[in-house]
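Here the structure is laid out as structure tokens; the discussion comes afterwards.
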There are 2 protein chains.
Amino acid sequence: MTSIILIGILLSMNESSRKAAPSVSMPANQKVPTLSDVARCAGVSYATADRVINERGNVAEKSVRKVHQAMMNLGYVRNVAAANLSRQRTYRLAFLLPQGQNAFFNHMRQHIDGVIEHLLAEQVTVDVIEVAAFDVAGLIQCLNSIAEKTYDGIAVVGLQSDLVEEPLTRLKNSGASVVSLVSDLPKQCRSAYVGINNVAAGRTAARLIGVSHGGLPGVVQVLVGSLQAQDHSDRLKGFQEVLTRDYPQLTLLEPVTTRDDDEAVQAAMQRALTELQDEPEVSAVYNVGAGNSGLVEALTQYEKPQRFFCVAHELVPHSREALLNQHIDVVIDQCPDIEVNRALTLLKALIDARDLPPMLEIVPTVYVQDNLPSSAQLTLSN
Amino acid sequence: MTSIILIGILLSMNESSRKAAPSVSMPANQKVPTLSDVARCAGVSYATADRVINERGNVAEKSVRKVHQAMMNLGYVRNVAAANLSRQRTYRLAFLLPQGQNAFFNHMRQHIDGVIEHLLAEQVTVDVIEVAAFDVAGLIQCLNSIAEKTYDGIAVVGLQSDLVEEPLTRLKNSGASVVSLVSDLPKQCRSAYVGINNVAAGRTAARLIGVSHGGLPGVVQVLVGSLQAQDHSDRLKGFQEVLTRDYPQLTLLEPVTTRDDDEAVQAAMQRALTELQDEPEVSAVYNVGAGNSGLVEALTQYEKPQRFFCVAHELVPHSREALLNQHIDVVIDQCPDIEVNRALTLLKALIDARDLPPMLEIVPTVYVQDNLPSSAQLTLSN
DNA sequence: ATTAAAATGATTGACGTCAATCATTTCTGT
DNA sequence: ACAGAAATGATTGACGTCAATCATTTTAAT
């Protein structure tokens with residue numbers, strides 16, 4: 001017995017000194033320790049080590065400590081491949097996206113489709129489920145229709161309503177993890193929010209419009225889809241905050257509500273572009289919501305004032321073209337691809353009850369005509 | 001025999017119709033098919049199916065076809081967890097980063113350290129190796145010092161020199177995959193480049209500086225680290241292109257070379273900020289390279305002209321603070337975190353000889369004071 | 001000292017794939 | 001028809017973990 005303990009100590013000293021400089025100058029050809037190694041190093045049986053790491057109980061305090069110590073010393077990390085294989089873990093995920101022809105969500109759907117087959121190799125299945133757009137009742141119905149126990153994780157384009165709490169709690173109790181996507185749910189309903197900070201997006205729009213006037217006075221028109229929508233009102237809030245604080249020489253007109261409708265956006269733009277007797281000339285427009293095709297339509301038909309600056313949201317084919325045509329100057333995007341990837345990573349981590357790899361906030365991305373990604377996707381050259 | 005074939009056909013019809021709508025309305029609770037299922041469906045033995053998918057040869061054309069057909073029909077995807085477990089695959093990676101106190105690479109190193117332990121669970125080990133900065137001889141020496149066969153994949157901050165071709169070819173022949181990071185290698189030396197388009201970055205800087213003048217005339221000073229560096233000269237090229245084409249009312253001064261040295265940058269900035277008799281007042285500065293702390297130092301000491309716009313590169317603590325202080329107006333960043341993740345994903349895919357999940361180009365990111373990520377990292381609220 | 005409870009050890013069969021061996025069958029060409 | 005080559009089948013032991021069973025030892029309570 002004594003000799004075994006001695007070996008354990010020697011091993012642990014050896015191992016801990018090896019671990020000292022993990023990322024520099026030490027070649028990475030060390031054998032990765034297994035749970036058997038840990039057990040041996042801790043001086044306990046495999047069964048006990050297993051009881052410890054899987055928290056099966058019925059193990060003495062000092063054994064727990066010995067095993068934990070051994071794990072530290074050896075730098076043991078559970079082999080997730082083996083673990084998932086053994087417990088036949090599959091990740092059954094669902095994305096609940098608003099239905100309809102919305103270009104942004106179309107793009108998102110497309111990206112999900114693109115990654116589905118690659119995820120299959122990691123035992124991840126993804127269903128994309130269409131939900132009535134921006135409709136609390138529809139969302140609740142959909143949540144209820146998801147039979148309990150069918151999904152391990154769900155990403156939902158959220159709505160701010162207390163009514164969704166009950167069905168979501170039910171899902172959660174049935175073992176599903178929930179993250180909100182693009183638009184947040186009530187905080188207690190989800191484990192994480194994957195989306196941009198929309199107040200920051202609005203502030204950014206204001207900053208760029210402010211800067212674009214080069215200190216000269218101007219008149220700014222904002223178009224919003226709906227002030228009921230959390231993201232829209234957040235953006236407006238951030239926008240107003242920065243514009244009034246930092247650019248007092250700019251006049252902010254009352255926002256026009258468009259219900260994200262192309263024609264309404266077009267009409268509003270026409271009004272803004274048409275010089276009227278008693279109305280000042282608009283020098284900048286910020287379209288908070290969707291309906292960019294109407295916006296572009298109006299910009300194509302009517303002549304812009306000499307100095308005119310236009311900011312819109314979401315990089316989609318329409319807005320992309322408008323950037324290149326100089327009809328729109330800036331597009332603020334939330335990078336749906338990255339959001340989808342984040343949601344997937346998060347859900348997997350939640351399901352495994354693992355802790356997360358470090359990752360930064362998703363930031364509202366500023367596109368001008370000059371830093372557009374090529375529309376083609378990456379491929380390997382070799 | 002006939003009956004077996006019949007069953008195969010029936011199965012395949014059933015399966016292919018199930019596959020028709022992969023992402024809508026079909027619950028994801030299907031059992032994932034294994035290679036045994038494929039073999040059964042193809043009417044061959046497991047051994048033959050194995051010979052096919054692992055290309056071991058000695059298998060008849062028609063068996064190959066049957067197996068492929070069965071794979072299609074069942075939607076078979078190799079279980080990478082099981083495969084990697086079985087073949088004891090480990091990914092031994094190395095990142096070759098320039099040594100020194102550079103804030104950008106410090107950040108990158110930090111991020112790598114952060115993900116290392118999470119990668120360990122997937123049998124990925126990463127060594128960070130320091131290389132003499134921007135020194136072809138040093139890089140070559142380092143490449144040679146990496147003993148053959150030690151690494152499966154390498155990410156290198158590249159240099160444009162034909163001299164690196166030989167050691168890299170040697171590494172490649174020894175079985176290592178190579179990607180270039182941040183700065184490209186000669187194309188034939190690497191399988192992919194992970195970094196931003198620096199011409200686009202320069203164009204973006206020009207666009208924002210152009211916009212910031214609101215149509216008014218101005219004088220623009222560019223600071224470059226070294227025109228030898230590919231990224232710097234690319235940025236300058238893009239900058240000049242857009243500024244001269246789209247903003248003819250702006251005067252572009254001769255670029256000042258700073259060797260990325262803080263003091264040199266500071267001196268150049270002082271010159272720019274000091275109003276001289278026969279020199280025009282500078283209205284905008286674009287710092288193409290590093291040395292932002294010198295830039296900020298000068299901006300703190302000297303009074304800026306009323307209308308002054310400053311664009312710099314890389315979001316690091318210094319530049320972040322300067323954004324918030326309004327000393328710098330825009331920071332163009334290459335998102336080192338994302339670059340690292342991409343490099344890791346790419347290397348793993350290359351090593352597995354898998355095809356890539358779809359991913360978009362990495363785009364030069366525009367930061368203003370309003371869309372900065374919180375410096376803290378994401379955590380789960382759950 | 002006895003007994004029950006708690007802790008530990010030892011072992012086993014999955015999980016899906018890989019990589020190998022060996023026996024058997026089916027094709028070639030003559 | 002026959003030898004030799006080519007193709008196929010059948011089987012096996014890893015890989016590291018999980019989840020279980022059963023036997024044995026140690027500990028605590030009386």
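The values are calculated or read from the model by the stated rules, or taken from the named source; none is laboratory data. Computed from a predicted model, the values in this text were never measured in an experiment. For neighbour counting, all protein chains shown are included, and Cβ atoms are generated from backbone atoms with ideal geometry for every residue, glycine included. Protein only, heavy atoms only, side chains kept; ligands, DNA and RNA dropped before computing areas. Shrake-Rupley method; radii C 1.70, N 1.55, O 1.52, S 1.80 Å.
Among the residues of segment B:273-284, not a single one is surrounded by fewer than 19 Cβ atoms within 10 Å (Cβ to Cβ) and small (Gly, Ala, Ser).
In this structure, is A:Ala205 within 30 Å of B:Phe308 (Cα to Cα), in contact (Cβ under 8 Å) with a residue 24 or more places away in the chain and crowded, with 21+ Cβ neighbours inside 10 Å?
On the way: within 30 Å of B:Phe308 (Cα to Cα): yes; in contact (Cβ under 8 Å) with a residue 24 or more places away in the chain: yes; crowded, with 21+ Cβ neighbours inside 10 Å: yes.
When the stated conditions are applied, A:Ala205 passes them.
Against the numbered list (1) within 12 Å of DNA strand D (Cβ to nearest atom); (2) open to solvent by 30 Å² or more (accessible area, probe 1.4 Å), B:Val38 comes up short only at (2). Note on segment A:118-131: among residues that are within 7 Å of chain B (Cβ to nearest Cβ) and part of a helix (DSSP H, G or I), the one that is surrounded by the fewest Cβ atoms within 10 Å (Cβ to Cβ) is A:His118. Taking the numbered list (1) under 31 Å from the mean Cα position of the chain (by Cα); (2) closer than 21 Å to B:Gln326 by Cα in turn, B:Leu243 passes all entries but (2).
In segment A:286-300, the residues that are closer than 18 Å to A:Arg320 by Cβ reach residues that are in a loop (DSSP other than H, G, I, E, B) and among the small types (Gly, Ala, Ser) with C-beta atoms within less than 8 angstrom, at least six apart or across chains, in these pairs: A:Gly289/A:Gly225; A:Gly289/A:Ser226; A:Gly289/A:Ala229; A:Ala290/A:Gly225; A:Gly291/A:Gly225. With respect to the conditions (1) modelled with pLDDT of 90 or more; (2) more than 14 Å from DNA strand C (Cβ to nearest atom); (3) away from chain A (no Cβ under 14 Å); (4) surrounded by fewer than 15 Cβ atoms within 10 Å (Cβ to Cβ), B:Tyr46 lacks only one, and its number is (2). Condition (residue is modelled with pLDDT of 90 or more and in a strand (DSSP E or B)) applied to segment A:98-111: is it met by at least one residue? Yes: one or more hits. Going through (1) in a strand (DSSP E or B); (2) more than 21 Å from A:Gln334 (Cα to Cα) one by one, A:Asn84 falls short only on (1).
Got at least one residue in segment B:321-336 being under 30 Å from A:Gly114 (Cβ atoms), within 9 Å of chain A (Cβ to nearest Cβ) and hydrophobic (A, V, I, L, M, F, W, C)? Yes, segment B:321-336 contains a residue that is under 30 Å from A:Gly114 (Cβ atoms), within 9 Å of chain A (Cβ to nearest Cβ) and hydrophobic (A, V, I, L, M, F, W, C).
Among the residues of segment A:308-342, write down those that are of a type in the set (Gly, Ala, Ser) and modelled with pLDDT under 95. Walk me through how you get there before you give the answer.
Of segment A:308-342, the ones of a type in the set (Gly, Ala, Ser) are A:312, A:319, A:322.
Listed by number, the residues that qualify are A:Ser319, A:Ala322.
For A:Ala205, state whether it is at the interface with chain B (Cβ under 9 Å from one of its Cβ atoms) and outside any loop (DSSP other than H, G, I, E, B). Give the derivation first.
Numbers: at the interface with chain B (Cβ under 9 Å from one of its Cβ atoms): yes; outside any loop (DSSP other than H, G, I, E, B): yes.
Here the answer is yes, as A:Ala205 does meet what is asked.
The single condition among (1) open to solvent by 30 Å² or more (accessible area, probe 1.4 Å); (2) polar (S, T, N, Q); (3) away from chain B (no Cβ under 12 Å) that A:Thr345 does not meet is (3). Contact map, segment A:98-115: residues that are open to solvent by less than 50 Å² (accessible area, probe 1.4 Å) paired with residues that are among the aromatic types (Phe, Trp, Tyr) and part of a helix (DSSP H, G or I), Cβ distance under 9 Å, separation 6+ or inter-chain. Pairs shown: A:Pro98/A:Phe105.
Of all residues in segment B:317-332, those being in contact with a Phe, Trp or Tyr (Cβ under 6 Å, 6 or more places away or on another chain) and open to solvent by 10 Å² or more (accessible area, probe 1.4 Å) number 1.
Taking the residues in segment B:51-62 that are within 7 Å of DNA strand D (Cβ to nearest atom) and part of a helix (DSSP H, G or I) as candidates, determine which candidate is nearest to the other protein chains (Cβ to nearest Cβ). Selected residue: B:Arg51. Among the residues making up segment B:67-88, a single one is within 16 Å of DNA strand D (Cβ to nearest atom), more than 9 Å from every other protein chain (Cβ to nearest Cβ) and touching a residue at least 60 places away in the same chain (Cβ under 8 Å): B:Ala70.
Each row is one residue, and each column tells you yes or no for (1) more than 9 Å from DNA strand C (Cβ to nearest atom); (2) surrounded by fewer than 20 Cβ atoms within 10 Å (Cβ to Cβ); (3) at pLDDT 95 or above; (4) under 30 Å from B:Leu120 (Cα atoms).
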position	(1), (2), (3), (4)
B:Met26	yes, yes, no, no
B:Lys31	no, yes, no, yes
B:Glu55	yes, yes, no, yes
B:Lys62	yes, yes, no, no
B:Asn73	yes, no, no, no
B:Tyr76	no, no, no, yes
B:Asn79	no, no, no, yes
B:Gln88	no, yes, no, yes
B:Tyr91	yes, no, no, yes
